[in-house]
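Participant: Supplied in structure tokens, the structure appears directly below.
The values are calculated or read from the model by the stated rules, or taken from the named source; none is laboratory data. Being a predicted model, the structure only gives us computed values, none of them experimental. Cβ placement follows ideal geometry from the backbone for every residue including glycine, while neighbour counts extend to all protein chains displayed.
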Amino acid sequence: MGEYTALNGTRTWFDVRGEGEPVVLLHGGFSDSREFTGNLDALNEHFRVHRFDRRGHGRTADAPGSITHQRMTEDTIAFLEQVVRGPARLVGYSDGGFIALLTALRRPELVSGLVLISSAFAADGFMMQPDPDGEMPQEVIDHYAEVSPDGAEHFPVVFRKLTDPANPDPSRTAEDLGRIECQTLVAAADDDLVHAEHTLALYRGLREAQLAVIPGASHAILHDQPELTTAVVTRFLTTEPKPTLIPIRRAQALAP
């Protein structure tokens, strides 16, 4: 299934399923929307779920020029404007969560809520980054080749674009996080690639945030604990926040 639309001149694959309020799933880096199969795609039982493959990922071909976070954020904004046609809650995994965060900072009127799964707000939040001079595991390349219009031989081109040291640093600060006003769920694995301290900093920097740590999971949280992760995200998206009996951080965050 799925169809194509043009986002900033790039022919982009997307899929829409379910009925209700719009939710947009944003996949991680070096991956595509297939990673939501068997986990968060179950959200279409409650919502109208949109997902799309970013330029150079999955069923969307590479395009001329660089692949930066700024460009991927602009494509996400275009998707919200052209396909969703209004605000939506963004559910992002790993780098997709970072792009969701950047989108909320750029165009807050288009983001009605956030779910950030195993995500960071700065490059040093991850314990390691892909080496521009290194290689990705063969299974990542094979997964890319299964659906990429460009074929397996193009993967090194996309890899170089995504890891180019000349790409602008997209990192944000705790002060930036404080500008986000929508309800946000920060979720991470108990053995994540993102530093636990960084996950806490992300949670603490957001005014309207909830925190979930998924036990028995790695950075491959959607694979390791699909049912639990989906249940936590579903509960957050389908439940109105209630005042807690003994607020500590929330009382401070919401103080005038």
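Participant: Checking the conditions here, which among Gly92, Gly97, Gly134 is surrounded by 17 or more Cβ atoms within 10 Å (Cβ to Cβ) and outside any helix (DSSP H, G or I)?
Facilitator: On the way: Gly97 fails: outside any helix (DSSP H, G or I); Gly134 fails: surrounded by 17 or more Cβ atoms within 10 Å (Cβ to Cβ).
The conditions single out Gly92.
Participant: For the subset of region 205-222 comprising residues that are free of Cβ contacts under 8 Å to residues at least 40 places away in the same chain and out of contact with any helix residue (DSSP H, G or I) (no Cβ under 6 Å at 6 or more places or on another chain), which member is farthest from His195 (Cα to Cα)?
Facilitator: Result: Gln210.
Participant: Which pairs turn up if I take residues in region 98-113 that are small (Gly, Ala, Ser) and look for partners that are in a helix (DSSP H, G or I) and surrounded by 24 or more Cβ atoms within 10 Å (Cβ to Cβ) with beta carbon separation below 8 Å, at least 6 apart in sequence or on another chain?
Facilitator: Ala100/Thr76
Participant: In addition: Scan region 22-68 residue by residue and report those that are in a loop (DSSP other than H, G, I, E, B), charged (D, E, K, R) and surrounded by fewer than 21 Cβ atoms within 10 Å (Cβ to Cβ). Give the derivation first.
Facilitator: Kept after step one, since they are in a loop (DSSP other than H, G, I, E, B), are these residues of region 22-68: 27-32, 37-39, 46-47, 53-68.
Adding the requirement that they be charged (D, E, K, R) leaves 32, 53-55, 59, 62.
Passing the criteria: Arg59, Asp62.
Participant: Among Arg235, Arg249, which is touching a helix residue (DSSP H, G or I) at 6+ places or on another chain (Cβ under 8 Å), among the basic types (Lys, Arg) and surrounded by fewer than 14 Cβ atoms within 10 Å (Cβ to Cβ)? Break it down into steps so the answer makes sense when it comes.
Facilitator: Details: Arg235 fails: touching a helix residue (DSSP H, G or I) at 6+ places or on another chain (Cβ under 8 Å).
Among Arg235, Arg249, only Arg249 is touching a helix residue (DSSP H, G or I) at 6+ places or on another chain (Cβ under 8 Å), among the basic types (Lys, Arg) and surrounded by fewer than 14 Cβ atoms within 10 Å (Cβ to Cβ).
Participant: Against the definition (of a type in the set (Lys, Arg) and either under 27 Å from Gly56 (Cβ atoms) or at pLDDT 95 or above (or both)), how does Arg207 come out, yes or no?
Facilitator: Details: of a type in the set (Lys, Arg): yes; either under 27 Å from Gly56 (Cβ atoms) or at pLDDT 95 or above (or both): no.
Answer is no for this residue.
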